[in-house]
Each structure stands twice: as structure tokens, then as C-alpha cells.
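Data first, discussion second: the structure below is written as C-alpha cells.
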Amino acid sequence: MATNAAGLFKEALNLFPGGVNSPVRAMKHLPTPLVVKRAEGAFLYTIEDAKLIDYCMGFGPLILGHRHPTVLESVKKALEDGWLYGALTSNEVELAKEINSNMRSVEMIRFVNTGTEAVMNAVRLARGFTGRKYIVKFEGNYHGAFDYVLVKAGSGAATWGVPTSAGILDDAVKYTLVVPYNDVEALERVFREHGSEIALLLVEPIAGNYGLIIPEPEFIKATRELTERYGALLLFDEVITGFRVGLSGAQGLFNIKPDLTTLGKIIGGGFPIGAFGGRRDVMSMVTPQGPVYNAGTFNAHPISIIAGLTTIRVIKGGGVYEVANEAAERVSKAILDSASRSGFNVVVKRVASMFQFYFKNGDVKTPADVRASDEKLYLAFHREALSRGVYFTPSQYEVNFTSAAHSRDVVDETIRVIEESFKALKAQIQ
Ligand code: PLP
């Protein structure tokens, strides 16, 4: 077995499509993708023992940092008892109560294994509950890797579904309507034209899968008003934002009560999880209480449940959001300051402990603005920072995350690397 990144990647290329098990890990702008051996706090250690400050944090779940001692302890203890029962346990009741006490809209919940599964089941549930066919999603919002939602927008206010992936039947997406994000008029038009046939409107209330796009207040309000007016259900997909932007998620931040919510990432503390929940009358339709089928060998997996429960309890103990948010704020400011000192136009977007930056003039408010940013410069900057020990998220279409482990010292070092990396970038293009 190879002990360096190049050797291991060569073997991996022979075994996995593209050499990886999820596309964004491929990092095509680097000679080899990142190959990680272990992690601790805010740091990743590569196979070659390079120590990197991590701003990816497993793509979001690790709000406490890597290998948090309290989570580790609780998982070890749970493992001693066994790790799969296929039966009800007290911890899943506790986790559901924890979620419900922070997100009042989640009156009942079903734990599944991934965010993808959560949304997939929520779509089935919404159709089962309303008896309607259509779903509406926004351009650039990601709701997991399944057929009904892997649809991109074309031009125009609303486009009929065009699959983003090979292998998806046109028939599978013919009831999926796609609307530009942050475009109230387009959303109103779709509801005017199809309102009585729409089962569900899906929205990432803070969009974190096409860079970071912040909703305009009137836009996010319109999602609630229109669904209510036309009798459709509203799903806030809080797989990223749940327990990230606050204990009550984006719905708490915006004071909006969706009918359904999907969760994942943080509620599993870094272990596989997903969940869909919401209004009691809607959730009562799920099997075995109702006719909308959901089942899973690994649903509410005891290890994911205890890791998530412990994570939420540590967050509630205080200090987590303060440290993580301040770190994100300081790094965001440093990126703006250093970029301007080196003569680059950069836009930074941040909510709580999520941020992303774009090489662009003007603001970033829509997926089109993200596409108009200079991706080559982002990747060149990413390489420069990585070579100096800071691992930002490897694409301008993802977001960066901080954690409770991103202490002032870690951020000070990051700020130094940011300044140097912009200088190096400037030297490169002169
Ligand atoms: N929904 C959102 C908003 C996500 O960000 C993701 C994953 O990043 C998913 C759904 C799918 O979750 P998973 O990767 O756990 O299947």
C-alpha cells in the first residue's frame, strides 16, 4: 500500500471512478487530491504528515471540531453496549426532543441515514399528503443525489426539469419546476400557473451548495406566503444550516415556520444521518402510522444518534457559536483586506460560521453571480493557501465552515497565510 498521496491516488484511480468516492473530493486543480490520515481539533493531517488548518470540516457536520473529546467518549461508551439493535432506543427519543425543543416546527420526525434520503422521503410524503404531483425547487439549491431534484434551471423564469445527470429519465423530472433563487416574481409566476398542482416547495433557506447565497428577506418571506396561499407544503432543507446558524436553524433566524424540515450533518455529530420532520398531521402519514412508506435497516443508527445528541448538548453548554462565528468573521475580513492590498476584487459572504469568497466585481446574490466569478483565481488561491497549511473548501461552489476548535491562534495563523497567499497570487499573474 502506497504511503504517499501520489502513490495512493494512482491505486485509487484504478478502483474508484475518478479516484474518489464523492466528486468534490477529486480536487482536479491539485496534482493529487487531499489524502488524509487523521484529524484533531481544527487540523487535518495528510498521509505525508502535513498539518493543515481545515475550513471544510467534513463539509459541515463538525461544528465542534475534529475528534471532539466529549463526542469521542460518548461514542466509545455507546459502542461498548452494542451498535445496532433494529429497535427503539432512549437516545433517539432524547435527540428528537432536543430537536423539537429548538425547532418548534418539527413536531414529529423520522431519522434516516443521509440528507439525500431525508429529502427523498419528504418529497414522497408531500405528494402523499397533498395528492399533488409538482414540486418546485430553486436553481443552484442542492437537495441530495436523487432523481427528482437533480435538475438544473435553463433560461427563463421557470424551466421544465432538465436532468443534471445522465441516467435520469425525463419522466422522473417532468413534475419538477426550477425557479431562480432570490427571484420573487418568477416564484409568483410559477405559483400563478401551477399553484393548485404544487405539492412542495423546497428551499435551502441559506443556500450553501452553490457557494454561499444569502436570501433576500422578501424572497424567503414569499416562500411561506405563496405556499400557504396555494395550499402547497414548504420544506426548509436545513441539512447544512440546522444547528449551524443557531439552535433553531435558519427558520429561527428568519422567524418562518415551514411545514417540513430536513436535517443531517450536525445532528449526527460527524456520523451518517438524515432526518425529515415537521407538522404532526403531515408526519402522521408516514409508515407505520400512515400510508407513505419509509423504512431503513440503519434508520436512527445508535452511534450517529449518540454523536448527534452529544454534539447538540455541547453546543447548548455554550461558547461554540461564539468561537466559530468569530473565527469566520475574522477570516472573512482578512480575505477582504488582504485581497484589496494585493489588488484583487473579492466578494465575501458570511452567515454565522459559514462563509465563501469569490473573485468578482460587484455583489453575489444569485447562482448566476457565482458562475460569473473567476473560478481559476479561486483555485489558484486555494493552491497557494494549501501549500502554506490552510485548507479552504476546494471549490468556489462549496462553502467554508469554522468550528469551536478554530481558536484565535488558529485564526491568526490563517490570517498570515491569507496575506501571503494573495501576495503569491499577485506575483503569479504579473
Ligand atoms: N440537502 C442539503 C442542503 C445538502 O447540503 C446536502 C449535502 O450536502 C444534502 C441535502 C444531501 O445530504 P447527504 O450528502 O447527507 O446525502
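The values are calculated or read from the model by the stated rules, or taken from the named source; none is laboratory data. These numbers come from a predicted model, not from an experiment. As a convention, Cβ positions derive from the backbone with ideal geometry for all residues, glycine included, and neighbour counts pool all protein chains shown. Note: areas computed on protein heavy atoms with side chains; ligands, DNA, RNA excluded. Shrake-Rupley method; radii C 1.70, N 1.55, O 1.52, S 1.80 Å.
Given the rule -39500 (n - 2.57) for each run of at least 4 DSSP H residues, summed and divided by the residues of the chain, what is its mean residue ellipticity at 222 nm, to the nearest 500 deg cm²/dmol? Could you put the intermediate results ahead of the total?
On the way: 13 runs with 165 residues, N = 430.
So the helix-based figure for the chain works out to -12000 deg cm²/dmol.
So in the chain, what percent of DSSP beta bridges are antiparallel if you round to the nearest 5? Spell out each step's value before the answer.
Working: 31 of 49 bridges.
Once the DSSP bridges in the chain are tallied, antiparallel ones form about 65 percent.
Debye sum, Cα scatterers, the stretch 69-316, no solvent: what log₁₀ I/I(0) at q = 0.09, 0.11, 0.16 1/Å?
Debye curve over Cα of the stretch 69-316, log10 I(q)/I(0) at q = 0.09, 0.11, 0.16 Å⁻¹: -0.37, -0.55, -1.12.
Accessible area per residue of the chain at 1.4 Å probe, in Å²? List each step's numbers first, then the result.
Working: 18390 Å² over 430 residues.
That works out to 43 Å² for each residue.
For the stretch 48-183, what does the relative contact order come out to in percent, with C-alpha contacts under 8 Å and a separation of six or more? Working shown, then result.
Details: 116 pairs, mean separation 21.1, N = 136.
Value for the stretch 48-183: 16 percent.
I need the Kirkwood Rh of the stretch 89-222: take the reciprocal of the average 1/r across all distinct C-alpha pairs and report it in angstrom. Provide the component values of the computation, followed by the final result.
Details: mean 1/r = 0.0625 Å⁻¹.
For the stretch 89-222, the Kirkwood estimate is 16.0 Å.
Where both residues lie in the stretch 69-316, what percent of DSSP beta bridges are antiparallel, nearest 5? Show your work: numbers first, answer last.
Details: 15 of 31 bridges.
If I count the DSSP bridges inside the stretch 69-316, around 50 percent turn out antiparallel.
Which value, in debye to the nearest 20, gives the size of the charge dipole of the chain about its Cα centre, when Lys and Arg are +1 and Asp and Glu are -1 at the Cβ?
With only Lys, Arg, Asp and Glu charged at Cβ, the dipole is about 140 debye.
Roughly what % of Cα-Cα distances in the stretch 100-155 sit above 17 Å, to the whole percent?
Working: 761 of 1540 pairs.
Above the 17 Å cut-off, the stretch 100-155 has 49 percent of its Cα pairs.
Give, as a single signed number, the net charge of other residues whose beta carbon lies under 13 Å from the beta carbon of ARG244, with Lys and Arg counted +1 and Asp and Glu -1.
Values: positive: LYS265, ARG350; negative: GLU204, ASP237, GLU238.
For residues surrounding ARG244, the net value is -1.
Of the options ILE335, GLY389, PRO180, report the single residue whose Cα projects farthest towards the positive end of the charge dipole of the chain (beta-carbon charges: Lys, Arg +1; Asp, Glu -1).
GLY389
Could you work out the relative contact order of the chain, using alpha carbon pairs under 8 angstrom and six or more residues apart, expressed as a whole percent? It would help to have the intermediate numbers written out before the result.
Details: 879 pairs, mean separation 86.8, N = 430.
The value is 20 percent.
Starting from the Cα of LYS376, draw a straight line to each of the aspartates and glutamates and keep only those under 19 Å, dropping any in the same chain fewer than 8 residues away.
Filter leaves ASP363, GLU384, GLU398, GLU419, GLU420.
Which pairs break 31 Å Cα to Cα here: LYS77/LYS97; LYS51/LYS137; LYS10/LYS333; LYS28/LYS221; LYS137/LYS360; LYS349/LYS426?
Details: LYS77/LYS97 22 Å; LYS51/LYS137 40 Å; LYS10/LYS333 39 Å; LYS28/LYS221 39 Å; LYS137/LYS360 26 Å; LYS349/LYS426 22 Å.
The answer is LYS51/LYS137; LYS10/LYS333; LYS28/LYS221.
Name the most mobile residue of GLN289, GLN251, GLN356, meaning the one with the largest mean-square fluctuation, in a Gaussian network model of the chain with Cα contacts below 10 Å.
Of GLN289, GLN251, GLN356, the Gaussian network model singles out GLN289 as fluctuating most.
Report the charge-dipole magnitude of the stretch 260-402 in Debye, nearest 20, computed about the Cα centre from +1 at each Lys and Arg Cβ and -1 at each Asp and Glu Cβ. Write down the numbers at each step before the final one.
Details: 16 positive and 11 negative charges, 18 e Å.
Charge dipole of the stretch 260-402: 80 debye, to the nearest 20.
P(r) for the stretch 236-381: what percent of alpha-carbon pairs falls in each 5 Å bin, starting at zero?
2, 8, 13, 15, 16, 14, 11, 9, 6, 3, 1, 0, 0
Give me the one-decimal Kirkwood hydrodynamic radius in Å for the chain, with the sum taken over alpha-carbon pairs.
Working: mean 1/r = 0.0447 Å⁻¹.
By the Kirkwood definition, the hydrodynamic radius is 22.4 Å.
Which of the aspartates and glutamates could be linked to LYS37 by a straight reach, that is with a Cα gap under 17 Å, when you skip same-chain ones fewer than 8 residues away?
Qualifying aspartates and glutamates at Cα under 17 Å: GLU11, GLU48, ASP49, ASP54.
To make sure I understand the rule: partners must be lysines, Cα under 20 Å from the Cα of LYS133, and not fewer than 8 residues away in the same chain. Which ones qualify?
Filter leaves LYS152, LYS174.
Which chymotrypsin sites (Phe, Trp or Tyr not before Pro) in the stretch 25-118 pass both tests, a DSSP loop state and at most 15 other beta-carbon atoms within 10 Å?
Numbers: sites: PHE43, TYR45, TYR55, PHE59, TRP83, TYR85, PHE111; in loops: TYR55, TRP83, TYR85.
Answer by residue number: TRP83, TYR85.
Carbon-plus-sulfur fraction of the accessible area of the stretch 297-353, 1.4 Å probe, in percent? Don't jump to the answer; show the numbers that get you there.
Values: 1100 of 2200 Å².
Carbon and sulfur: 50 percent of the exposed surface of the stretch 297-353.
Rounded, prolate or oblate, given the Cα gyration tensor of the stretch 178-298, with a/c below 1.5 counting as rounded? Numbers along the way, then the final one.
Working: a/c = 2.03, a/b = 1.19, b/c = 1.71.
The shape class here is oblate.
Out of ALA118, ALA145, ALA42, any idea which swings most in a Gaussian network model of the chain, alpha carbons joined below 10 Å?
In this elastic network of the chain, the residue with the biggest mean-square fluctuation among ALA118, ALA145, ALA42 is ALA145.
Rank these residues by their accessible area, most exposed first, probe 1.4 Å: HIS406, HIS29.
Working: HIS406 5, HIS29 30 Å².
Order by accessible area, largest first: HIS29, HIS406.
Which residue, ARG383, ARG280, ARG192, tops the fluctuation ranking in a GNM of the chain built on C-alpha contacts under 10 Å?
Comparing ARG383, ARG280, ARG192 in the GNM, the peak value goes to ARG192.
Relative contact order for the stretch 69-316: what is it in percent, counting Cα pairs under 8 Å that are at least 6 residues apart? Could the numbers behind the result be given before it?
Values: 502 pairs, mean separation 70.6, N = 248.
Once normalised by length, the contact order is 28 percent.
Rounded to the nearest 20 debye, what is the charge dipole size of the stretch 1-133 about its Cα centre when +1 sits on each Lys and Arg Cβ and -1 on each Asp and Glu Cβ? Could the numbers behind the result be given before it?
Details: 16 positive and 13 negative charges, 133 e Å.
Using only the charged Cβ atoms, the result is roughly 640 debye.
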